[in-house]
Structures are given as C-alpha cells and as structure tokens.
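Below is one structure, written out as structure tokens, with a few remarks after it.
The values are calculated or read from the model by the stated rules, or taken from the named source; none is laboratory data. All values reported here derive from a predicted model rather than from experimental measurement. Neighbour counts are summed over all protein chains in view; Cβ atoms, including those assigned to glycine, are modelled from backbone coordinates with ideal geometry.
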Amino acid sequence: MSHDPASSEFIEALTKVSRKIRTTFNQQATAQGLTYPRARALFRLAARQNMTQSELAFELELEQATMVRLLDRMEEHGLIERRQDPADRRAKLISLTAHGAEQAALVRRLADEMRSQIFQGIDVEQLRVAIALLDRVSENTANVEMGHVPA
C-alpha cells in the first residue's frame, strides 16, 4: 500500500478538506464578531462547564501561555468567569457567563448549519464508513508516533 498513489491522494484530499472546513467556519465565526479560537473555546465550554485551564488547553491543543491570553480576552469580553478550584488552589475553573452561553449557542447554530450544508447529499452509511476509515488511519498514525512498525 505504501507506493499506491491513492494513499497520497487520500492524505492530500483530507488535508485540503480539513483546511477548507476550518477556513469556512472561521469566516462564519468572524462574521459574527468571534475569533476561531474563541469560538472553539465557547463550543467546548458549552459542552462541559467548570473545566480547568489545563483541561481546556489540552482539548483545544493550545500551549498554556496561549490559553491564558485567550481566556484573558474572553474574560474581558464578559464570556467567561474564572474561579479558584476548591479541590486544587493552583487551578482555575472556567465557566460561561450568560453572555458566553448566548455566544456558545450562536457557535452551535453556525456549526449545525455548516454541517447541514457540508453533508448535503451524503447518507449516514457513507459517513459511518468514512468515520471507520479515519479511525483506522488515526490508529495507524498513533502507532507510527509510538515507533511501532507494521509487520
């Protein structure tokens, strides 16, 4: 399989569609006065309130310094509150304010509308096959990262 041009074409197509989806979402979020990182953070916090900064940074794949700057801006815009974690004095818990929850709902609507358009004409079974394929590629990629060589 390593010399099959289809594998190279797949990676190229995956990279291209991933970039296109991110760019489109970014344009949609920006049109609503949000930045892409802020929209992603709102989306995650709406799904799970009271995350620590470290947990959110991990989920968003951001460095701690970048996360702190993002949260500072979000706090200035009245989107989040940071509170001391009673279980760990060094950690801060992040929760959405009422305004933050409204903005998160807007992000959810944007994402839902975009998904509806993106997957128009594609049936659920095609999506399930694609998900299984991507899961396998992800698993194989993890094995490469850990230094496992396929037999």
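Taking the numbered list (1) surrounded by 12 or more Cβ atoms within 10 Å (Cβ to Cβ); (2) within 18 Å of the chain's Cα centre (by Cα) in turn, SER7 passes all entries but (2).
Against the definition (closer than 30 Å to ARG136 by Cβ and crowded, with 16+ Cβ neighbours inside 10 Å), how does PHE25 come out, yes or no? Before you say what the answer is, go through the steps one by one.
Values: closer than 30 Å to ARG136 by Cβ: yes; crowded, with 16+ Cβ neighbours inside 10 Å: yes.
Taking the combined requirement at face value, the residue satisfies it.
I'm trying to understand the selection: among the residues of segment 31-42, which are surrounded by fewer than 17 Cβ atoms within 10 Å (Cβ to Cβ) and under 17 Å from MET67 (Cβ atoms)?
So in segment 31-42, the residues surrounded by fewer than 17 Cβ atoms within 10 Å (Cβ to Cβ) come out as 31-33, 35-36.
Result: THR35, TYR36.
As for segment 88-102, it holds no residue that is at pLDDT below 95, outside the structural domain of GLU9 (by TED's automatic domain parsing), of a type outside the set (A, V, I, L, M) and not in a helix (DSSP H, G or I). For the residues GLU75, GLU12, GLU61, GLU55, the requirement of being within 27 Å of SER138 (Cα to Cα), outside the structural domain of ILE131 (by TED's automatic domain parsing), surrounded by 15 or more Cβ atoms within 10 Å (Cβ to Cβ) and free of Cβ contacts under 8 Å to residues at least 12 places away in the same chain singles out GLU55.
In segment 81-89, is there at least one residue being of a type outside the set (Ser, Thr, Tyr), surrounded by 10 or more Cβ atoms within 10 Å (Cβ to Cβ), in contact with a helix residue (DSSP H, G or I) (Cβ under 9 Å, 6 or more places away or on another chain) and under 19 Å from ALA41 (Cα atoms)? Before the answer, list the steps.
Taking segment 81-89 as the starting set, the residues that turn out to be of a type outside the set (Ser, Thr, Tyr) are 81-89.
So of that shortlist, the ones also surrounded by 10 or more Cβ atoms within 10 Å (Cβ to Cβ) come out as 81-85, 88.
If we keep only those that are in contact with a helix residue (DSSP H, G or I) (Cβ under 9 Å, 6 or more places away or on another chain) too, we end up with 81-82.
This time we only want the ones that are under 19 Å from ALA41 (Cα atoms), so: 81-82.
Within segment 81-89, one or more residues are of a type outside the set (Ser, Thr, Tyr), surrounded by 10 or more Cβ atoms within 10 Å (Cβ to Cβ), in contact with a helix residue (DSSP H, G or I) (Cβ under 9 Å, 6 or more places away or on another chain) and under 19 Å from ALA41 (Cα atoms).
Within the set PHE119, PHE58, the sole residue that is within 23 Å of LYS20 (Cα to Cα) and of a type in the set (Phe, Trp, Tyr) turns out to be PHE119. Screening segment 87-146 for residues that are touching a residue at least 60 places away in the same chain (Cβ under 8 Å) and small (Gly, Ala, Ser) and picking the one that is farthest from GLN27 (Cα to Cα) gives ALA104.
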